[in-house]
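Scroll down for the structure; my scribbles are underneath it.
The values are calculated or read from the model by the stated rules, or taken from the named source; none is laboratory data. Just so you know, these numbers come straight off a predicted model, no measurement behind them. Here the Cβ is made from the backbone with ideal geometry for all residues, glycine too, and neighbour counts use every protein chain on show. Ligands, DNA and RNA are stripped out before the accessible areas are found, and what is left, the full protein with its side chains, is counted by its heavy atoms. Shrake-Rupley method; radii C 1.70, N 1.55, O 1.52, S 1.80 Å.
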Amino acid sequence: MSDTENTSADTAPSVRVCLTLQDSEGQISDNENSGSGTHISPTETNIASGDGGPPQTKTKRTSAVTGVQLGAAKGSHSSSSSPILTTFAAKQPFSANHPRAKQITEMIVKMICTDLEHFSVVERRGFKQLVGFLEPKYKIPSRHYFSRTVVPELYEAMRGELVQSLKAAEGGVINLTTDLWTSNHNAHAYLCLTGHWCERVGEASVQRKAGLLNVGVLDIEHTSNNILCCLKEKMREWEESVGQSVTIRFVVLDNAANMVKALTEYGHIRCVSHMLHLVVIKALEKNRVVTSLLSKARSISGHVHRSSKASNRLHELQTLLNLPQHTLITDIKTRWNYKFYMLQRLVEQRRAVQIMTQESNMGRAPTIIYPNEWGLASDMLTVLSPFEEVTQALSKHSASISEVIPLLHGLCFIIRSLHLLAGDDDQDATVGLGQDVAAESSEKLGTAARKLAASLSKELEWRFEPIFANSTFLLATLLDPRYKVSCFPNNVDVEALKRTLLLRMELCDPVATPARNTEETPATSSTSVLSFLQKKKSAMPMRTHLPSGDVEAYLTDGDISLTDDPVKYWSGKLQCWPNLARFALQHLSCPPTSVQSERVFSTAGNVVSPQRANLDPSHVEQLVFIKVNADLKNSVGLLDS
């Protein structure tokens, strides 16, 4: 160490200490091994003139001096130790309990769960370098710390928020969707339960909520009794956590026989999207011309996906012909609408596909699509577009069973109008449509497409006839202020339905007979289901008589738009009609499909990947629970941001 002292007697000296070296852990190194036993390395101290000028002379000091000792020796500059200690502290790594370290750890675990990353990501060189660059003082915990401590803590925190929301469930009632899934990678079977309810917020407000309750292992025989016992056990666990009874109003499930039998004692509801899938698939299979076209479309799309040469050629032709730079879509057996998307993309890329099929054979099966088949493809898009509209509407997070009958009624009406000239003997096919308008709608379609529409119409009527007579769906529609009685089919006995509602609510008020339009909707050639419902609703006359009881008061109350939120409407009526509002909210919070459970298993399939086949089932449940409920926060407001 060297000292430079100003020998001028009339100048007040000042001290500046420069630390030479620190290791990565924040400890001071003794590079010169001075033998003094101190942790401070030899340091050069410049004592400059009072005006900040350069040092005048330098002398060698033989003893190492700490910053504190120097301050004490100079008497009036003991505060010079503060910058030194601050420098020491600035280089020290964060402790595990440091607020900044906790925040970074929390963000890392949220990244792992949100992006479905492996726990080993925290041990990868690139990730460690990135974190080290962003925050050098943070030491990344081990992968085991994240899997055994941080993820379980986050899981329990989110579960606690879910418990609080369930405690506030209106009437203590929730609805469920459920499904079974078996992983191809770890041979475990999982039972999924998602909950749907309305949460009371304050005295006069409710919000619709949804959350994943369970995605646990069910590695026993999937008999109806075992499934029922497992479901009851899981709900018993939630009741213990909530501290009060939780009533299951409806359970939505697919058509699996064991699931249907297991949930007979509950108000089980068949998944409407599965039923629509069966309607379309069965109708497509009956038409040989249609199946031939779909086979060619599947062969072309699959070849482009498998062949880099074909894919590059498609991009070249898209640029040359000024077509959208879109890849072709292949269909999926479990989702009918991917056949719709496949045809839609082929029609969009028709000019490029025609050139490619003429240049070379694009698969083992015939791939040349002839002009009449291109016309059929366009016609099929027209016929299937209402099905796509209804499928999407019923698969939204905000969808309710109250929308099923109006949407299906509109769908049946439109499809029936498209096959009027298909030679069908149905005498009621023209009801509600002018002959000229119906003929104009049908003449736009070829014979094969009209026959397809006829098959679809018959499948719809056969499979959904029980729903149009189901009191649960009818009551849900009646209690939806967007529809009330305006979108019922003509054969629905509204008076009997209102008596059923009063009976279930244990009301005794007399019910007056409301005015009702006995004629169908004015003729329309639109293939939009929403447009049909809007016109049908507008055709209903206004009621002018005085209401008697809550039900009639509600039916004569002002309507809301088809795009408004019915839960918000009933939230404002809790003080006015409390019993009716609670009953309505229990129905409106029930989804019409089990799509939510299927989305859970899509997430689970990404968690239990081939690279994570040995992942413990408890970790699977925690990761999926966090991921799904975090996503639901952005859709129906499960968790506060």
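Which of the residues spanning the stretch 208-236 are touching a Lys or Arg at 6+ places or on another chain (Cβ under 6 Å) and crowded, with 21+ Cβ neighbours inside 10 Å?
Hit for the stretch 208-236 is 214, nothing else.
Condition check: in contact with a Ser or Thr (Cβ under 6 Å, 6 or more places away or on another chain) and either over 19 Å from residue 598 (Cα atoms) or hydroxyl-bearing (Ser, Thr, Tyr) (or both). Does residue 173 satisfy that? It would help to see each step written out before you state the result.
Working: in contact with a Ser or Thr (Cβ under 6 Å, 6 or more places away or on another chain): yes; either over 19 Å from residue 598 (Cα atoms) or hydroxyl-bearing (Ser, Thr, Tyr) (or both): yes.
It is true that residue 173 is in contact with a Ser or Thr (Cβ under 6 Å, 6 or more places away or on another chain) and either over 19 Å from residue 598 (Cα atoms) or hydroxyl-bearing (Ser, Thr, Tyr) (or both).
Within the stretch 344-360, count every residue that is open to solvent by 30 Å² or more (accessible area, probe 1.4 Å), touching a helix residue (DSSP H, G or I) at 6+ places or on another chain (Cβ under 9 Å) and not β-branched (Val, Ile, Thr).
Keep residues of the stretch 344-360 that are open to solvent by 30 Å² or more (accessible area, probe 1.4 Å), which gives 344-345, 347-348, 350-351, 354-355, 358-360.
Still in the running and touching a helix residue (DSSP H, G or I) at 6+ places or on another chain (Cβ under 9 Å): 344-345, 347, 350-351, 354-355, 359-360.
Next cut, not β-branched (Val, Ile, Thr) only: 344-345, 350-351, 354, 359-360.
So the count comes out to 7.
Among what's in the stretch 200-214 and is modelled with pLDDT of 90 or more and of a type in the set (A, V, I, L, M), pick the residue that is farthest from the chain's Cα centre (by Cα).
Selected residue: 206.
Among the residues of the stretch 169-207 satisfying the criterion of being among the small types (Gly, Ala, Ser), part of a loop (DSSP other than H, G, I, E, B) and open to solvent by 30 Å² or more (accessible area, probe 1.4 Å), which is farthest from residue 235 (Cα to Cα)?
204
Determine if the stretch 629-636 includes at least one residue that is buried (at least 18 other Cβ atoms within 10 Å of the Cβ) and at pLDDT 90 or above. Write out each step before concluding.
Residues of the stretch 629-636 buried (at least 18 other Cβ atoms within 10 Å of the Cβ): 629, 632.
This time we only want the ones that are at pLDDT 90 or above, so: 629.
Yes: the stretch 629-636 contains one or more residues that are buried (at least 18 other Cβ atoms within 10 Å of the Cβ) and at pLDDT 90 or above.
Only residues that are assigned to a helix (DSSP H, G or I) and more than 19 Å from residue 112 (Cβ to Cβ): list them for the stretch 149-168, please. Let's see the steps before the verdict.
First, the residues of the stretch 149-168 that are assigned to a helix (DSSP H, G or I): 149-167.
Selection gives 160, 161, 162, 163, 164, 165, 166, 167.
Pairs under 6 Å by beta carbon, first residue touching a residue at least 12 places away in the same chain (Cβ under 8 Å) in the stretch 106-120, partner of a type in the set (D, E, K, R), six or more apart or different chains?
Listed by first residue and then by second, the contacts come to 113/627; 119/143; 120/143.
Is there any pair with a first residue in the stretch 364-377 that is farther than 17 Å from residue 288 by Cβ and open to solvent by less than 20 Å² (accessible area, probe 1.4 Å) and a second that is at pLDDT 95 or above and among the hydrophobic types (A, V, I, L, M, F, W, C) whose Cβ atoms are under 8 Å apart and which are 6 or more apart or on different chains, and what are they?
From residues that are farther than 17 Å from residue 288 by Cβ and open to solvent by less than 20 Å² (accessible area, probe 1.4 Å), the pairs are 374/347.
If a residue must be of a type outside the set (A, V, I, L, M), in contact with a Leu (Cβ under 9 Å, 6 or more places away or on another chain) and over 10 Å from residue 346 (Cβ atoms), how many such residues does the stretch 285-302 contain?
Of the residues in that region, 4 qualify.
What residue, among those in the stretch 123-168 that are touching a Pro at 6+ places or on another chain (Cβ under 9 Å) and under 22 Å from residue 617 (Cβ atoms), is surrounded by the fewest Cβ atoms within 10 Å (Cβ to Cβ)? So that I can check it myself, show each step before the final result.
Step one: list which residues in the stretch 123-168 are touching a Pro at 6+ places or on another chain (Cβ under 9 Å), which gives 136-139, 149-150.
Restricting the remaining residues to those that are under 22 Å from residue 617 (Cβ atoms) gives 149-150.
Numbers: 149: 14, 150: 20.
Result: 149.
Could you please find all residues in the stretch 568-598 being surrounded by 20 or more Cβ atoms within 10 Å (Cβ to Cβ) and free of Cβ contacts under 8 Å to residues at least 60 places away in the same chain?
581, the sole residue that qualifies.
Check 382, 357, 391 and return the single one that is under 30 Å from residue 175 (Cα atoms), in contact (Cβ under 8 Å) with a residue 24 or more places away in the chain, of a type in the set (Val, Ile, Thr) and part of a helix (DSSP H, G or I).
Details: 382 fails: under 30 Å from residue 175 (Cα atoms); 357 fails: under 30 Å from residue 175 (Cα atoms).
Unique residue meeting the criteria: 391.
Taking the stretch 331-343 as the search range and keeping residues that are not basic (Lys, Arg) and not in a helix (DSSP H, G or I), which one is surrounded by the most Cβ atoms within 10 Å (Cβ to Cβ)? Can you show your working first?
Initially, the stretch 331-343 is screened for residues not basic (Lys, Arg), giving 331-332, 334, 336-338, 340-343.
Within this subset, residues satisfying the condition of being not in a helix (DSSP H, G or I) are 331-332, 334, 336.
Values: 331: 19, 332: 12, 334: 10, 336: 23.
Within the stretch 331-343, the match that is surrounded by the most Cβ atoms within 10 Å (Cβ to Cβ) is 336.
Kindly state which helices (runs of 4 or more DSSP H) lie completely within the stretch 406-485 and contain at least 1 residues that are at pLDDT 90 or above and open to solvent by less than 20 Å² (accessible area, probe 1.4 Å). Quick ask: steps written out before the conclusion?
Numbers: elements: 435-443, 447-468, 471-478.
Hits in the stretch 406-485: 447-468, 471-478.
With respect to residue 252, is the statement that it is of a type outside the set (Phe, Trp, Tyr) and in contact (Cβ under 8 Å) with a residue 40 or more places away in the chain true?
Numbers: of a type outside the set (Phe, Trp, Tyr): yes; in contact (Cβ under 8 Å) with a residue 40 or more places away in the chain: yes.
Yes.
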